[in-house]
Amino acid sequence: MNTTSALIASAMLAAFAMTAGGAMAQDAKKEKCYGIVKAGKNDCQTATSSCAGTSKKDLQADAWVYLPAGTCAKIAGGSSQPVKG
């Protein structure tokens, strides 16, 4: 392996490590917020839909979205647990 290839490989590894570490740090500062999502805007699967962006109605009780930690409690109808009913 020549010097240029080694330099490129190490730069790519450093960029990957920074991205992975940054994503983990960001996830730690976010929380799921249930019951506030518009139809089709959920972040992941629910009991009645298979993946992100597939919730069927506004304010669906089991549909959630990631928000900065502490924000959900400030939103009317927002809950850190699936909403009953």
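In terms of modelled amide H atoms, which long-range or inter-chain residues lie less than 5 Å from the amide H of SER55?
The list, which skips near neighbours in sequence, is GLY40, LYS41, ASN42.
Under a 5 Å amide H to amide H cut-off, with H placed in plane at 1.01 Å, what residues pair with GLU31 once short-range neighbours are removed?
Correct list: LEU67, ALA69.
Bear in mind these aren't lab numbers, they're just calculated from the coordinates by the rules spelled out. What you see is a predicted model, and the numbers here were worked out from it, not measured in a lab.
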